[in-house]
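First up is the structure itself, then whatever we jot down about it.
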Amino acid sequence: MATYNDVSERLLVKAALDVALTPERVLIGGLGVGFSLAEALNDRRVSQVKVIEIVDKVIEWNQSYLAPFSNNSLEDYRTEVVHADLLEWIHRREGQFEVICLDIDNGPDWTVTEANARLYQKDSLVALSDLLASNGVITFWSASPSPEFVVRLRHTFHKVIELAVPQEGHDADYVYIASLPINPVKVDQR
């Protein structure tokens with residue numbers, strides 16, 4: 001978490017919103033400084049943002065010290081924060097979302113918390129795809145490129161795009177965008 005650079009965290013959400021046809025319900029995994037939440041709430045099409053955050057102190061800080069960085073987004077009526085482990089929460093299948101944005105740990109290949117590596121494996125990707133509406137879009141933030149993760153994404157999702165986000169004085173961050181195919185509309189031809 002850092003307050004000095006919000007480019008890739010905002011792009012994580014903006015890229016998904018730009019691709020989604022009707023981004024009404026958004027799920028964000030990882031509250032961080034609140035940049036992603038603020039970006040989601042900037043889109044007038046968004047009617048609900050559910051944020052899953054495992055660290056209670058991060059939620060507390062967003063209610064006080066970090067509130068100015070997210071434009072006090074926790075106070076927006078469209079925001080719901082759930083204090084839970086995303087890896088457990090996704091298997092509850094509580095509703096569906098047109099957009100899911102995940103900024104968990106450092107990405108698929110470099111996790112600080114070993115258990116977070118599960119998020120980037122097949123079982124979790126399938127659980128996440130079940131949370132997506134039929135025209136849903138999911139994005140993942142990563143501190144490094146991951147060709148192996150792209151291959152795993154392509155086994156579950158219809159279309160996968162890797163965006164490099166240049167960082168001044170640092171290696172690029174990456175945003176992975178994956179989408180489900182839009183279910184075709186069946187026309188009764190009687």
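The values are calculated or read from the model by the stated rules, or taken from the named source; none is laboratory data. What you are looking at is a predicted structure, and each value in this text was computed from that prediction instead of being measured. A quick note on method: Cβ atoms are made from the backbone with ideal geometry, for glycine too, and the neighbour counts reach across all protein chains shown. These accessible areas exclude ligands, DNA and RNA; they are computed on the full protein's heavy atoms, side chains included. Shrake-Rupley method; radii C 1.70, N 1.55, O 1.52, S 1.80 Å.
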Rounded accessible area of Tyr174 (nearest 10 Å², 1.4 Å probe): 40
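Would the range 41-136 count as rounded, prolate or oblate if I go by the C-alpha gyration tensor, calling it rounded below 1.5 in a/c and otherwise prolate when a/b exceeds b/c, oblate otherwise? The partial results should precede the final answer.
Details: a/c = 2.05, a/b = 1.23, b/c = 1.67.
Oblate shape, in that a/c is at least 1.5 and b/c is the bigger or equal ratio.
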Within the accessible area of the chain (1.4 Å probe), percent carbon and sulfur: 50
Probe 1.4 Å, protein heavy atoms only - accessible area per residue of the chain in square angstrom: 53
Long-range HN-HN contacts of Gly107 with modeled amide H, under 5 Å: Ala143
Estimated vicinal HN-Hα couplings, Hz - the range 25-39 in sequence order (Karplus 6.51, -1.76, 1.60; Gly, Pro = x): 10, 10, 10, 10, x, x, 6, x, 7, x, 4, 5, 4, 4, 5
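Using a simple charge model, +1 on the beta-carbon of Lys and Arg, -1 on the beta-carbon of Asp and Glu, nothing else, what dipole does the range 86-135 show about its Cα centre, in debye to the nearest 20? Present the calculation step by step, with values, prior to reporting the outcome.
On the way: 4 positive and 9 negative charges, 33 e Å.
Once rounded to the nearest 20, the dipole reads 160 debye.
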Paired Rg and Dmax values of the range 84-190, which use every Cα atom, in angstrom: 15.3, 63
Relative contact order [Cα under 8 Å, 6+ residues apart], the range 18-132, whole percent: 29
Solvent-accessible surface ranking, highest first, for Lys122, Lys14 at 1.4 angstrom: Lys122, Lys14
Relative contact order for the range 70-190, counting Cα pairs under 8 Å that sit 6 or more residues apart, in percent: 23
For Leu132, residues with placed amide H under 5 Å, excluding near neighbours: Phe97
Aspartates and glutamates with Cα under 18 Å of Lys14, excluding same-chain neighbours fewer than 8 positions away: Asp6, Glu24, Glu39, Asp43, Glu98, Asp103, Glu162, Asp173
Phe69 - accessible surface, heavy atoms, 1.4 Å probe, Å² rounded to 10: 80
Among (i) 62, 38, 31; (ii) 72, 42, 22; (iii) 41, 32, 31, the entry that matches Cα extents along the principal axes in Å as calculated here: (i)
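What percent does the relative contact order of the range 31-91 come to when contacts are Cα pairs within less than 8 Å and at least six residues apart?
Values: 78 pairs, mean separation 25.7, N = 61.
Once normalised by length, the contact order is 42 percent.
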